[in-house]
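Notes to accompany the following structure.
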Amino acid sequence: MSRTTAARGQIGDIDYKDVAMDVIMLSLRTTRGLDVKSYKESFGDILGISPCEKFKPYVESGHVIARDKERRALFANEFRLLLSNAEKLDEVERVAFI
């Protein structure tokens, strides 16, 4: 396996972008949801955007619920504020689950 191939996110027949999307879609079907910290540790920014940014429109519309570390639901305006502050911090610390 060449280092170049691994850097592009594909080894053999495994495309890590597909694996990342599978993890997101399967996690959204569970009661626990997507553990944002665990996802970031496993995949980083392989999709080019954080899961929080990706799901921002769905949190705002009410189709997806963002939760903090205590599993308390975050209102859309709270979530939006956290994301806008996170651009300066480069990470959304308080959002634990989507």
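The values are calculated or read from the model by the stated rules, or taken from the named source; none is laboratory data. Quick caveat: nothing in here was measured; it's all calculated off a predicted structure. Cβ coordinates were reconstructed from backbone atoms using ideal geometry, including for glycine residues, and neighbour counts include every protein chain displayed.
Couple of notes before you dig in:
- Scanning the stretch 22-39 for residues that are of a type in the set (K, R) and either touching a residue at least 24 places away in the same chain (Cβ under 8 Å) or in a helix (DSSP H, G or I) (or both) yields a total of 2.
- Filtering the stretch 41-53 to residues that are without any contact (Cβ under 8 Å) to a residue 24 or more places away in the chain and part of a helix (DSSP H, G or I) leaves E41, S42.
- Test: residue in the stretch 32-46 that is at pLDDT 85 or above and β-branched (V, I, T): no
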